[in-house]
Amino acid sequence: MKNPQEIFEILSAQFPDANIQIDASLPVEPIISVNPLKINVISKFLAENNEMLFDSLMNLSGVDDANGTKTKDEDGNDVINGGTLSVYYHLHATKLNHKITLKVSAPRENPEVESVENIWKTANWHEREAFDMLGIKFLNHPDLRRILMPYDWEAGYPLRKDYKNPEFYQGMKVTY
Amino acid sequence: MGLLDKEFTDGNIVIAKADDILNWARLSSLWQLSFGLACCAIEMMATSASHYDFDRFGVMPRPTPRQADVIIISGTVTLKMATRIKRLYEQMPDPKYIISMGSCSNCGGPYWEHGYHVLKGVDRVIPVDVYVPGCPPRPEALLEGLLKLQEKIRNESLVKKTA
Amino acid sequence: MFEWLSEITGNQILAAFISAIVPVAFIVPFVIFAVWLERKVSAHMQDRLGPMRVGWHGWLQTIADFFKLIQKEDIVATATDKRFFNLAPYLVFVGSYAVYAALPFSSKYIGSNTDLGLFYIIAVSGLVVAGILMAGWSSQNKYSLYGALRSAAQIVSYEIPTALVILAMVMFTGTLNLAKLSDMQTSSFWNWYIFGGPDWGLSKFLVIPFMLVAFLLFYISSLAEVNRTPFDMPEAESELVAGYHTEYSGMKFAMFFLSEYGNMFAVSAVVSVLFFGGYQSPFGYIGNLIGASWMVPFEQVFWFASKGIFFVFVQMWLRWTLPRVRVDQLMTICWKYLIPYAFVNLIIIGLISLI
Amino acid sequence: MALKTEELVLNMGPQHPSTHGVLRLELELEGEVVTNVKPHLGYLHRCFEKHCEAMTYPQVIPYTDRMDYLASMYNNFGYVVGVEKLLGIQVPERVEYIRVIMGELQRIASHLVALGTYGLDIGAFTPFLYCFIDREKILNLFEITCGARLLYNYMWVGGLSHDIHPDFVRLTKEFIPYFRPHIKELNDLLTYNKIFIERTVNIGVLPIDTAINYGASGPVLRGSGMKWDLRKNDPYSIYDRFDFDIPTGKNGDCWDRYYVRVLEMEQSLRIIEQAIDQIPDGDVQSAIPKRIKPPKGTVYSRVENPKGELGYFIISDGSTSPFRVKVRAPSFVNLSVIGEMCKGHLVADVVAILGSIDIVLGEVDR
């Protein structure tokens, strides 16, 4: 039964080059942020190492941090450029019963994160949903395509803060 | 008695008599397509269960659109589902009716403002006969909607196509 | 019936035509009653009321359904094979309607008193399979194809236990003619074949358990013959949408409905003739008691219809209680259980009939 | 010369009697044997997460109702526990007890629908209607407290929308002895029915480690034999005060998942029995804050929804409306296992397996 602080020490000792920091200032749970291209190596370590045994990925959620510069385009709604999109991993070890939260941030222009699908099979659909909603590309994911939106939806990624509704979709008026 | 009080202006007696029988037949055996979308589908199932029994009005769930007369759009119609509903509607043989159940299919319901994937009302895709308000409408409301539809069919006539 | 008519009218064709109309006059009202009965029975079994608004307790419901189905648009999809698509429902109806020719409604009336009654019934029910395959294949719909193939396999393989049980009965009774069969089981229910047949003796008591087994085997395979639960694989709603009649609408679908219920009564009638004394009354006829012998044939028709409807009720009862069997389990039941039991039963009854 | 056979792709489309709503399963078949299953989702995607970003904290609660519309009490429960953790407020005892009772009643109602529609999938029509009769009794209980039959908006952040009806306790006490024999009746009608057993035993077997790897939870995980229930392993609210045990299956097939739900209904009855007598009195709306403005931060709260582990990941940026809410829906995760379970089975088994994992499309597509 380890608390996130000890896990953070073990991780930063194990992977010195993956600039791992811990941010315990905000309420409820400390978050360990990791380099996006190293996430699969770290996850494999977390899953296999017999002190950790994180065998279940509870939740994988994509978030639009919206921390870029806001500019107004011609008809009034703002466009964000720069800043990051991040992915939060909530891991849980059923046998040793401890939990941690990993955070990975990738630049907004072309957000690329390593896929953890081969470690936890449940990540397959969660990653597809993050791609569908926010456009975060997961490298070497078995079949990365939209899961909830129609496959031929070109009006961008709906959960981004600067998303604008298309006027029509296949002849049907989208907005009210 | 029934013969005399029917004024002769609205079509002659023979047509009126045949109309009544055909309309009575159509309205008392509305076969419903067993098709549910969301929370309203659970209320529709509760309506066809023992407590509120749809079968009393002759409504029998049929699995295939070919044998269905009324399709109850029970739930939120999303853009991805709208094309399928249009195709389902076209598969049904002709004297067919639509009951739009719940505010989601009436006008987009609670998802009207931020629902980027929700079709704001099923009447943008298929012609609706009866709207049943509520989210989800109570089984009694759905039964009342069915009676409204039966009312509408009773007044239809071979001669002049109302809808 | 046919002979009597041809004497009166003089020419054969007219007599044949009239004697063909009489079963239809029985089937259509029976089907209207049976569809209403099924909806009310299923409703009351499920603690609800069933059709109530269409006439007193919904007795006009099926008539309303029939009139509505007439008004429905008759959709024939472009990809279907038109000729077979339109022919299939009538072929299925003919398959179940032809069985009525050999059914003895009463001592006075039987469609045609052929000596090969039972043999004819098995042969004719093969038409139903052809009709179903035609319906499934021609509607160009994957679900219909699946439903049709399953139902064809099911009916064909369940005909073997039916034939074996009929063979056992023929060995015991000595005749294929249904009218003679019913005559032999006269006067009281104790003479019915389920209780060992009319002639007293050791063989009567020995054969009773095996007659019961024969009855059960015959009834189970007749359920499969008619695609009723637990063998209603072809219109297994939950996986095959509506089986072979997915693409049919309006009057063609009504024809399928008509033939399904007609087939149900036909099969129940054969069961009641073989084991429960056809049109014989269990206690003797009121007509004989009060000396009005003209009443007897009508009583016989009453007993024949009520036995048939009782077995139709049992089929409905099974439909609303039992879950559905999977296709391969269906085949295992037939080939690994029903047919071996039918063989053993056949041998034993054969030996007993020698005593 | 070998018979040339082709793969047949069969679409159990969005409109199909057995897909529990609008789910499209693309089956690749060899004859009747399934070689591959590709689910297509999104036919009921109602943009829940976009609404959370535009609404304030209390306004989001009616939308949580509409996610898993068969267990909407428990959806509120998960969301409300998360926001209270973020705010750090403590809810009065009376509210905790009422929430547990409502949650367990909702679990019974949700399992009743699951078992009823599972009977429909296997072909038995009548159990479905008997289950709905009992469910109507529970819906009456909900209706007298919060006025709604299906979607209640009952559990608010820090309290409840209405106090319980004066004779709610009496009606619940009458419901328990009324319902217990009905579980036995359901068992006789369906659970021990020879054909039902033939159709469900050793179908869709899910070993424990694949279940954990795919993140399955709730009756699907417990059916595989793992004793894992959030009410005991990661307790929230006051579940640690009641004693109830966690039923688990043996070999993780459809029958076990079905039977775990039947046993869970009995356990929920036990919890309600214990909780109904100890409801302290007090005001249910005393701890509801006037303006809900939680501090900047994140919280991941998870509760034992009747379908499985329902998790809310809430990120707040200090304003009155959440910055981002991500929902870990149990049906969405349980459905991802269907591809693994259906290989090598027949079409009729795919329907049985889909029925046994009991998914609700409102939750799958959010």
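Every number here is computed from the coordinates shown, using simple stated rules; none is lab data. Everything numeric here is computed off the predicted structure, so don't read it as measured data. Here Cβ is always computed from backbone atoms with ideal geometry, including for glycine, and neighbour counts include all displayed protein chains.
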Using the C-alpha atoms of the stretch A:24-65, what convex hull volume per residue, in cubic angstrom, is computed? 114 Å³
Here the whole-number average of other chain Cβ atoms within 10 Å per Cβ of C:66-78 is 5
By counting other Cβ atoms within 10 Å of each Cβ, how are D:Tyr239, D:Tyr192 ranked from fewest to most? D:Tyr192, D:Tyr239
Global geometry of the stretch C:1-136, whether rounded, prolate or oblate, following the gyration tensor of its Cα atoms and the 1.5 cut on a/c: oblate
Average partner chain C-beta neighbours within 10 Å, per residue of B:66-77? 5
Sequence gap at least 6, Cα distance under 8 Å: using those rules, report the relative contact order of chain B to the nearest whole percent. 24 percent
For a label point 7 angstrom out from the Cα of C:Val22 toward its Cβ, which stretches of the stretch C:109-133 have the backbone nitrogen within less than 12 Å? C:109-113
On a 30 Å Cα-Cα criterion, which of the cross-link pairs C:Lys180/C:Lys336; A:Lys161/D:Lys296; A:Lys2/D:Lys232; A:Lys70/D:Lys50; A:Lys99/D:Lys184; A:Lys38/D:Lys326 come out too long? C:Lys180/C:Lys336; A:Lys99/D:Lys184
Which order do B:Phe54, C:Phe189, C:Phe218 fall in if you start with the one that has the fewest other Cβ atoms within 10 Å? C:Phe189, B:Phe54, C:Phe218
If I take every Cα pair under 8 Å that is 6 or more residues apart in the stretch C:1-70, average their sequence separation and divide by the length, what percent do I get for the relative contact order? 18 percent
At a 10 Å Cβ-Cβ cut-off, how would you order C:Asp199, D:Asp253, D:Asp65, fewest neighbours first? C:Asp199, D:Asp253, D:Asp65
With a Förster radius of 41 Å, plug the Cβ-Cβ distance of D:Val201 and C:Leu206 into 1/(1 + (r/R0)^6) and report the FRET value to the nearest 0.05. 0.55
Hey, got the average number of other protein chain Cβ atoms within 10 angstrom for residues in A:25-38? 3
Set of lysines near D:Lys250 by C-alpha distance (under 16 Å), chain-local residues within fewer than 8 positions excluded: D:Lys227
Modelling each spin label as a point 7 Å along the Cα-to-Cβ direction, I'd like the A:Met1/C:Thr114 distance in nm, to one decimal. 8.4 nm
With a/c under 1.5 counting as rounded, go ahead and sort the protein assembly as shown into rounded, prolate or oblate using the C-alpha gyration tensor (a ≥ b ≥ c being the square roots of the eigenvalues; past the cut-off, prolate if a/b is larger than b/c, else oblate). prolate
With D:Ile108 itself left out, Lys, Arg at +1 and Asp, Glu at -1 over residues whose Cβ is under 13 Å from its Cβ give 0
Using alpha-carbon coordinates, inclination of helix D:126-146 to the longest axis of chain D, degrees: 20 degrees
For A:Met172, what charge total do you get from the other residues with a beta carbon under 13 Å from its beta carbon, if Lys and Arg give +1 and Asp and Glu give -1? +4
Using alpha-carbon positions, what is the distance between the centroids of the stretch A:114-168 and the stretch C:1-47, in Å? 64 Å
Gap separating the Cα centres of the stretch A:47-101 and the stretch D:52-87, nearest whole Å: 21 Å
If one puts a single equal scatterer on every Cα of the stretch C:1-70 and applies the Debye formula without solvent, what log₁₀ I(q)/I(0) results at q = 0.16, 0.22, 0.23 Å⁻¹? -0.65, -0.88, -0.93
Note the angle between two axes, namely the Cα long axis of helix C:82-97 and the longest principal axis of the Cα atoms of chain C, as a number of degrees from 0 to 90, rounded to the nearest 10. 20 degrees
Suppose a student asked you for the relative contact order of the stretch A:4-173, using Cα pairs under 8 Å spaced at least 6 residues apart; what percent would you report? 19 percent
Could you state the number of Å between the C-alpha centres of the stretch D:256-272 and the stretch D:162-234? 4 Å
Which of the trypsin sites (Lys or Arg not before Pro) found in the stretch D:279-353 are in a DSSP loop and have at most 10 neighbouring Cβ atoms, other than their own, within 10 Å? D:Lys290, D:Arg291
Under 10 Å, Cα contacts only: if you run a Gaussian network model on chain B, which one of B:Lys152, B:Lys17, B:Lys96 comes out with the highest mean-square fluctuation? B:Lys17
Overall Cα dimensions of the stretch D:3-45 - principal axes, largest extent first, Å: 43, 17, 11
According to the square roots a ≥ b ≥ c of the eigenvalues of the Cα gyration tensor, what is the shape class of the stretch C:134-205, taking rounded for a/c under 1.5, prolate for a/b larger than b/c otherwise, and oblate for the remainder? prolate
Candidate lysines - alpha carbon under 26 Å from D:Lys4, same-chain residues fewer than 8 apart omitted: C:Lys142, D:Lys38, D:Lys343
Could you please report the charge total around A:Asp23, scoring K, R as +1 and D, E as -1 over all other residues with beta-carbon less than 14 angstrom from its beta-carbon? 0
Choice from C:Arg39, C:Arg228, C:Arg83 with maximal GNM fluctuation in chain C (Cα, 10 Å cutoff): C:Arg83
Pairing the Cα long axis of helix C:202-225 with the longest principal axis of chain C, what angle in degrees results, from 0 to 90 and rounded to the nearest 10? 10 degrees
